[in-house]
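Inspection log for the structure reproduced underneath, given as C-alpha cells.
A short reminder: the numbers here are calculations on the coordinates, not readings from a lab. Here the structure is a predicted model, which is why all the values come from computation and not from measurement. Don't worry about glycine lacking a Cβ; one is built from the backbone with ideal geometry, like all the others, and counts go over all protein chains shown.
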Amino acid sequence: MIAADRPDRYSARLLVVEADGTMRHLPRAALGALFDPGDLVVANDAATLPASLHGTHLPSDKVIEIRLAGWLSLSDPARFVAIAFGSGDHQSRTEDRPPPPALSRGDRLRLGPLEAVIERLLDHPRLLELRFLGSQAAVLAGLARYGRPIQYAHVAEPLPLWDVWTKIAALPFAFEAPSAGFALDWRMLQVWRRRAVGFSTLTHAAGVSSTGDPALDLRLPFDEPYRIPEHTAAQVARAKLCGRRVIAIGTSVVRALESAADPDGSVRAGDGIATGRIARGTPLRVADAILTGIHQPGESHFELLRAFANDHRLERASATLTACRYRAHEFGDSMLLCRQQPPPSARGA
Amino acid sequence: MQTIDDLQGLRVAVTGGTSGLGLALVRQLTARGACAAFVARTTANVERIAGETGAHGIVGDVGKKEDIYAIALQVAASIGPLDVLINNASSLGPVPLALLADTDCEELESALAVNLVGAFRLTKALFGALAASARAGRGAVVINISSDAAVNAYPGWGAYGASKAALAHLTAIWDAEAKPDGIRFLALDPGDMDTPLHALALPDADPSILKAPELAAAEIIEKMLDALPVRNAPTTWAHA
C-alpha cells in the first residue's frame, strides 16, 4: 500500500506560502491548525476509476493499452475519450512507447472481459472516442474487475485501486486520483470541525494530469464534468458573505468552483463542465488558497497556480521546494498557496 | 410485505443478498421503493435476484481483499452516495460446527475474513460515499448483522461467535468515532432464523420454531429508519 502504509506517510511536509509571500515549512499534519473558524475547506470526493485496460486490437490482433481519459457524457457511462498506446507498460517512458496499431473508426477492441468499439478518431494519433458494448452493469463490472488504475513510472509496484482512492473518495468519477486529497484524513476533518473550520466536497472528474506526450499534454486538461451539491454551494456562499476564506484541496476543486462561479463569488449548485485552462491572468472568484502537490513549471497543474501568485513568487516557492527536497510525485509533499494580495496581475514581485 | 414506496430514493447496499436475511432485505427494500445494490458470490444467483427485484446485483466475495474495491466501485457507481450499508454476509467457520480445539486456524481465519475484516474493509471503502450522504443532510447508517453468539458462549460456535463479538465491538467503537461525521453504526441481532446458514449450522433444528427472515428483515428496516434523520415526505430521499 503506497498511500496508506508508507513509513514516511506521517512525515509528509507542507510549504505554506502566505498571501503576503511569507513562507513557512510545516509538517503536513499541521494543516488541521492552519485555518480560522468560519473558513471553508472544499475537497474533491471523486473516487478514481481503474482507467487503464490492456487488450487486443482485433482487426490487427496486436496488443493495445487504452487509458480512459474523459467522459463523453455522464448520462452514457459507456462512452469515453481515451488515449491508446502500443506494446509496453507504464514503466516505459511514454515517448518510448510504440504508437497503437493503425486504428480506424468501427474497429473492435477486446479488453479483458470487455469489448469496445472505436467511435471516432480525434486529431492526434493516440486520441480517440470509444464505446463499450454490453449492459451498463456489465461494463461497470468489467471495468471494476479488469481495469487497473493509471500507473506512475516512479512507483515500482503496480498500484491497486485502494492506493488511488483518497480517504474521502465517494463516487467513481475521476480518471486519475485527485491527489491533493491524499493529505486529508478523518482525524484532520474532526480537528477542523472542532475548530469550526467548515468542510465540504464537490465531485470533479479529474482527468489525466500528464501523458508524457508533449503534443497531447498541451491539450490538457480535457473538459471535465463536475457536480456541486447544494449544501456545498450554500457553504461557499456563507463563507463569502462572512468574508472567510475558501481553501480548495487541489486543482480540480479550483476548476470546478471557478467554472461554477458567479461574479459575486457564489457558486451554482448542480452539474457542469469545466473547460479551458486556468492560468496567469484568470480572475479567481471563489478560491482564496489552494492545497496542491508539488508540480513542475509547464505542467497544467502548475500553470493553474499562476492564477494565485505571480511568476516571481512561484519561482521563489519552486526554488525553496527544490532546495529543501520536497517530494514532487502524487504521493509526495504539499504546498498551501494563498492567493497573492494584491491579485497577481504582473510578472514582477 | 409493504408495497408502498415509502423508501423511494433511499440508497442501500446489502452484502450476502441472495439468500436468507440478505435476500429478504433486498426484496423488502426494493418493494418499498429503495434504490438497492447487493453483493453475493455466485453469478447465477446474483443475476436471478437482480432480475427478480430490479436491484443492482454485484458479484464479489467480501472475504477477499482484492474484491473489496471492485465491489465498492460498483456500489457507488450504480447507486451513488450511500445512505445505508448492511454488512450481512456471514461465514460460519467450520461446517459442521466444531469445538474450538478441533477448529483449524484457517477456519477461524475464514470466519474472521468475512464477518469482521470483510465488513471492515467494505465499510472503509464506502465510508466516503456514506459521508457524502451524511454531509447532504440525509444521514448515513451502517448496520452490521450480529448474533446472540456474539454475547453467549455457545459450544461449537467459537469461530462464528468470536468473529461476531469482534464485529459488535468494532461497530460500537466506529459509532463513537463517526457520529460527528453524521454516520451511525448499529450491530443488530436478527434472532435465530430459518435460513440456509442456520440449516448449515444446525441441520436438525425444527424450522417451525425459527424466525422467518422476512420478519427479521422488516425489523431491521424499522431500526434503520429510526437511525436516519426524520423524513417529512417520501421525496426527502430523492436523488441529490
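Inter-label distance, A:Ile273 to B:Lys211: 5.3 nm, where each label sits 7 Å from its Cα along the C-beta direction.
Counting Lys and Arg as +1 and Asp and Glu as -1 over every other residue whose Cβ lies under 12 Å from the Cβ of A:Val139, the net charge comes to +1.
Note down the net charge around A:Gly106, summing +1 for each Lys or Arg and -1 for each Asp or Glu among other residues with Cβ under 14 Å from its Cβ. Around A:Gly106, the surrounding residues sum to 0. A Cβ-based charge dipole, computed about the Cα centre of the range A:52-146 with Lys and Arg at +1 and Asp and Glu at -1, lands at about 100 debye. The phi-based Karplus calculation (6.51 cos²θ - 1.76 cosθ + 1.60; θ = phi - 60°) puts the 3J(HN,Hα) values of the range B:182-190 at x, 10, 9, 10, 10, 9, 10, 9, x Hz, whole numbers, x for Gly and Pro. Counting charges near B:Pro155 (Lys, Arg +1; Asp, Glu -1) among other residues having Cβ under 15 Å from its Cβ returns a value of -2. When +1 charges are put on Lys and Arg Cβ atoms and -1 charges on Asp and Glu Cβ atoms, the dipole computed for the protein assembly as shown relative to its Cα centre reaches about 1960 debye. Computed extension length for A:Val117-A:Arg193: 22.6 nm, one decimal, from 0.36 nm per residue of separation with the Cα-Cα distance subtracted.
Note on chain A: semi-axes of the ellipsoid equivalent to its C-alpha gyration tensor, largest first and rounded to whole Å, are 35, 21, 20.
Any chance you could give the angle, 0 to 90 degrees and rounded to 10, that helix B:20-31 forms with the longest Cα principal axis of chain B? Relative to chain B, helix B:20-31 is tipped by roughly 10 degrees. Packing order of peptides A:19-27, B:71-79, highest average first: B:71-79, A:19-27 (average count of other Cβ atoms within 10 Å over each peptide's residues). Peptide A:159-169 shows a mean partner chain C-beta count of 4 within 10 Å per residue C-beta. Once backbone amide H atoms are built at 1.01 Å from N, B:Val141 has B:Val84, B:Leu85, B:Arg184 as its partners under 5 Å, excluding neighbours fewer than 5 places away on the same chain. Per residue of B:129-136, other chain Cβ atoms within 10 Å of the residue Cβ number 5 on average. If amide hydrogens are placed 1.01 Å from N in the peptide plane, which non-local residues have theirs closer than 5 Å to the one on A:Leu72? So A:Leu72 has HN proximity to A:Arg79, A:Phe80, A:Val81.
Rounded to the nearest 10 degrees, the angle from helix A:136-146 to the longest Cα principal axis of chain A is 80 degrees. Along the axis of the charge dipole computed for the protein assembly as shown (Cβ charges of +1 for Lys and Arg, -1 for Asp and Glu, origin at the Cα centre), the listed residues A:Met335, A:Phe80, A:Thr166 are led at the positive end by A:Met335. Against chain B, whose longest principal axis comes from its Cα atoms, helix B:65-79 is set at around 30 degrees. Here the dipole of chain A is about 680 debye; that uses its Cα centre as origin and unit charges on the Cβ of Lys and Arg (positive) and Asp and Glu (negative). Considering only A:Gly112, A:Ala137, A:Asn310, and ranking their Cα positions along the charge dipole of chain A that arises from unit charges at the beta-carbon of Lys, Arg, Asp and Glu, the one farthest toward the positive end is A:Asn310.
What separates the Cα centres of the range A:176-210 and the range A:265-308 is a distance of 16 Å. Note on chain B: helix-only mean residue ellipticity at 222 nm, from DSSP H runs of 4+ residues weighted -39500 (n - 2.57) and normalised by residue number, equals -14000 deg cm²/dmol.
For the range A:27-43, putting each phi into the Karplus relation 6.51 cos²θ - 1.76 cosθ + 1.60 with θ = phi - 60° gives couplings of x, 4, 4, 6, 3, x, 9, 7, 9, 9, x, x, 4, 10, 9, 10, 10 Hz, in residue order, rounded to whole numbers and with x for Gly and Pro.
Along the axis of the charge dipole computed for the range A:10-125 (Cβ charges of +1 for Lys and Arg, -1 for Asp and Glu, origin at the Cα centre), the listed residues A:Ala30, A:Pro59, A:His124 are led at the positive end by A:Pro59. Peptide packing for B:55-67, B:142-154, A:42-54, B:111-123 was compared via the average number of neighbouring C-beta atoms within 10 Å per residue; ordered from the highest value, the list is A:42-54, B:111-123, B:55-67, B:142-154.
Reducing the range A:71-118 and the range B:1-79 to their Cα centroids gives an inter-centroid distance of 32 Å.
Take every DSSP beta bridge whose two residues both sit in chain A; close to 70 percent of them are antiparallel.
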